[in-house]
1. For region 132-152, how many residues meet the condition of being of a type outside the set (Val, Ile, Thr), over 17 Å from Val66 (Cβ atoms) and surrounded by fewer than 19 Cβ atoms within 10 Å (Cβ to Cβ)?
2. Does Ala204 satisfy being assigned by TED's automatic domain parsing to the domain that holds Ser151 and either surrounded by fewer than 14 Cβ atoms within 10 Å (Cβ to Cβ) or of a type in the set (A, V, I, L, M) (or both)?
3. Return the pairs, sorted by first residue and then second, in which the second residue is β-branched (Val, Ile, Thr) and crowded, with 16+ Cβ neighbours inside 10 Å, the first residue lies in region 299-324 and is without any contact (Cβ under 8 Å) to a residue 12 or more places away in the chain, the beta carbons are less than 8 Å apart, and the residues are 6+ apart or on different chains.
4. Go through region 234-272 and report how many residues are under 30 Å from Asn366 (Cβ atoms) and surrounded by 14 or more Cβ atoms within 10 Å (Cβ to Cβ).
5. Looking at this structure, is Ala207 among the small types (Gly, Ala, Ser), within 26 Å of Val11 (Cα to Cα) and in contact with a strand residue (DSSP E or B) (Cβ under 9 Å, 6 or more places away or on another chain)?
6. Is it fair to say Val55 is part of a loop (DSSP other than H, G, I, E, B) and under 19 Å from Ala207 (Cβ atoms)?
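The values are calculated or read from the model by the stated rules, or taken from the named source; none is laboratory data. Being a predicted model, the structure only gives us computed values, none of them experimental. Glycine gets a Cβ as well: all are built from the backbone with ideal geometry, and neighbour counts include every protein chain shown.
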Amino acid sequence: MRILVTGATGVYGRSVVERLHRNGHEVVAMARKPPRALPPGVRFAPADVQDLGAVRAGMEGCEVVVHLAFTVSPVKDRELSRRMNVGGTANVLEAMRDTGARRLVFASSAMTYGANPDNPPLFTEAHEQRPAPDYVYGTDKVAAERLIIDSGVEHVLARTAVTVGRNIDNLLVDIFAAPSIIGIKDVDIRYQLIHQDDIGRFFAFAAEGDRTGPVNVAPPMRAISFRELEDDADMYRRLWRGESVDYDGPIGRFEDLHMADTYDGPAPQVYSVMLGGPKACRVAASPLFDGVYLQPFLTVEAVHNAVTWIREACEEIGRDFSTMRIVQPIVSAPEMSDDETLALAHARMVTYIGQPGMVAMYEKLNGWDPRLADPIRDHEMFRHDPDRVDHHFHREDLIDVARLVPDEWALGTSLHGSLDACVARMQEYKDAGAHEICFYGSNPSDNAALIGAWREHRAARDAHEAPVGASAAG
């Protein structure tokens with residue numbers, strides 16, 4: 001299929017042209033100036049999208065147009081920007097009518113939704129586009145979209161997130177590469193970044209397909225599936241073995257993915273991070289993973305259950321359970337005051353209670369009454385965004401709410417009090433089957449004395465269990 005790509009020498013254009021060429025299409029690369037290099041067989045069509053005749057000539061014989069030509073850098077003359085961006089889009093549409101090109105894929109932007117105080121945490125394609133009137137780039141993108149919709153042409157409006165990658169040289173990347181980024185105090189800002197290779201894949205997919213309408217092109221802000229986790233681990237292992245990977249599945253489509261430089265040493269270990277339920281533990285037992293990090297704030301019994309499920313899953317698939325390492329993260333507040341413990345354990349737990357589905361998970365694994373979490377999730381502080389407490393508040397801000405957390409929950413699953421009490425709790429988790437304890441929430445220096453106490457405990461325990469006449473080390 002012959003496909004025209006406008007703006008072919010820009011940030012998106014280079015990736016899109018390469019991907020379409022690799023997929024076997026006849027690609028016409030249109031830009032004002034010739035690129036330094038093009039893939040073999042790609043034809044260059046010199047044209048400015050403001051020149052209707054040149055656009056029409058370059059489009060002759062093309063079935064699909066990928067329209068990327070758009071100025072990103074600020075232009076002082078707003079009318080000039082409008083002629084380049086909106087007028088250029090109008091010329092592309094007119095040339096499509098003249099040449100019979102049937103489908104248009106347009107590079108719009110997530111910036112078209114605008115930066116408004118009542119914006120939702122995440123946008124869907126159904127949300128209203130409200131860029132600030134003086135934001136030229138956003139208003140031009142919206143105007144171009146309107147032209148495309150009104151034209152009646154078969155189209156895809158790709159509203160892309162900020163794009164990064166090894167060859168990106170645009171204004172936004174310059175901002176992110178600066179020594180500091182200006183923000184707004186006490187305002188949480190979430191950035192969705194997408195790699196240029198994914199941009200190439202998406203636009204090629206859109207050009208080849210038959211789906212139409214607007215689409216937000218950004219990484220998913222959701223929990224990944226077990227299948228995706230396993231596929232990802234499998235690809236990493238294959239890449240470290242020096243293999244070339246072709247993949248088409250739930251995490252994307254990749255062709256000839258490989259490491260340019262291989263490493264002669266041992267491959268890095270791959271650990272899964274799991275909540276600790278039976279399904280997750282079956283996945284954790286896969287040979288793809290060297291070990292598993294369980295969820296913080298699990299009771300000793302919950303850890304014992306998770307270890308049992310992992311051991312049984314290993315037996316089912318014929319894996320030696322001794323090759324599996326199970327790590328239990330535990331909030332540690334050794335020899336700290338009640339206020340310090342409240343800030344480390346209870347306030348930390350508030351951020352977990354605020355996460356969607358987490359209370360139900362703790363009910364299932366720990367046997368906790370979910371109603372005890374209602375005063376926390378319904379607290380006035382979180383009325384605007386109860387699902388992302390840790391994105392808006394530090395532990396110090398949560399002290400009053402932390403007092404609502406049951407001690408059974410926070411203290412019963414953390415290390416607190418005297419060193420002897422902490423060591424005893426650590427031993428309970430070890431006896432439950434955890435191979436390692438990962439201190440969580442406090443600083444390394446806060447745990448130095450506890451580490452020393454644990455070593456003394458282990459040495460005394462080993463000496464007590466050693467056979468008569470044998471050394472503790474033996």
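1. Taking region 132-152 as the starting set, the residues that turn out to be of a type outside the set (Val, Ile, Thr) are 132-135, 137-138, 140-141, 143-147, 150-152.
Applying the additional criterion that residues be over 17 Å from Val66 (Cβ atoms) yields 132-135, 137-138, 140, 143, 146, 150, 152.
Next, from what is left, pick out any that are surrounded by fewer than 19 Cβ atoms within 10 Å (Cβ to Cβ): 132-135, 143, 146, 150, 152.
So the answer is 8.
2. Working: assigned by TED's automatic domain parsing to the domain that holds Ser151: yes; either surrounded by fewer than 14 Cβ atoms within 10 Å (Cβ to Cβ) or of a type in the set (A, V, I, L, M) (or both): yes.
In short, yes.
3. Phe321/Ile310
4. Here is the first cut: in region 234-272, the residues under 30 Å from Asn366 (Cβ atoms) are 269-272.
Keeping just the survivors that are surrounded by 14 or more Cβ atoms within 10 Å (Cβ to Cβ) gives 270-272.
Here the count works out to 3.
5. Spelling it out, Ala207 is indeed among the small types (Gly, Ala, Ser), within 26 Å of Val11 (Cα to Cα) and in contact with a strand residue (DSSP E or B) (Cβ under 9 Å, 6 or more places away or on another chain).
6. Numbers: part of a loop (DSSP other than H, G, I, E, B): no; under 19 Å from Ala207 (Cβ atoms): yes.
The answer is no for Val55.
Here's the yes/no breakdown for (1) closer than 25 Å to His394 by Cβ; (2) part of a helix (DSSP H, G or I):
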{"residue": "Leu411", "(1), (2)": "yes, yes"}
{"residue": "His416", "(1), (2)": "yes, no"}
{"residue": "Ala424", "(1), (2)": "no, yes"}
{"residue": "Gln427", "(1), (2)": "no, yes"}
{"residue": "Ala434", "(1), (2)": "no, no"}
{"residue": "Asn447", "(1), (2)": "yes, yes"}
{"residue": "Ile451", "(1), (2)": "no, yes"}
{"residue": "Ala460", "(1), (2)": "no, yes"}
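Here's the yes/no breakdown for (1) surrounded by 17 or more Cβ atoms within 10 Å (Cβ to Cβ); (2) at pLDDT 95 or above; (3) farther than 21 Å from Ser108 by Cβ; (4) in contact with a helix residue (DSSP H, G or I) (Cβ under 9 Å, 6 or more places away or on another chain):
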position: Tyr12; (1), (2), (3), (4): yes, no, no, yes
position: Ser15; (1), (2), (3), (4): yes, no, no, yes
position: Leu20; (1), (2), (3), (4): yes, yes, no, yes
position: Val27; (1), (2), (3), (4): yes, yes, yes, yes
position: Pro34; (1), (2), (3), (4): no, no, yes, no
position: Gly41; (1), (2), (3), (4): no, no, yes, yes
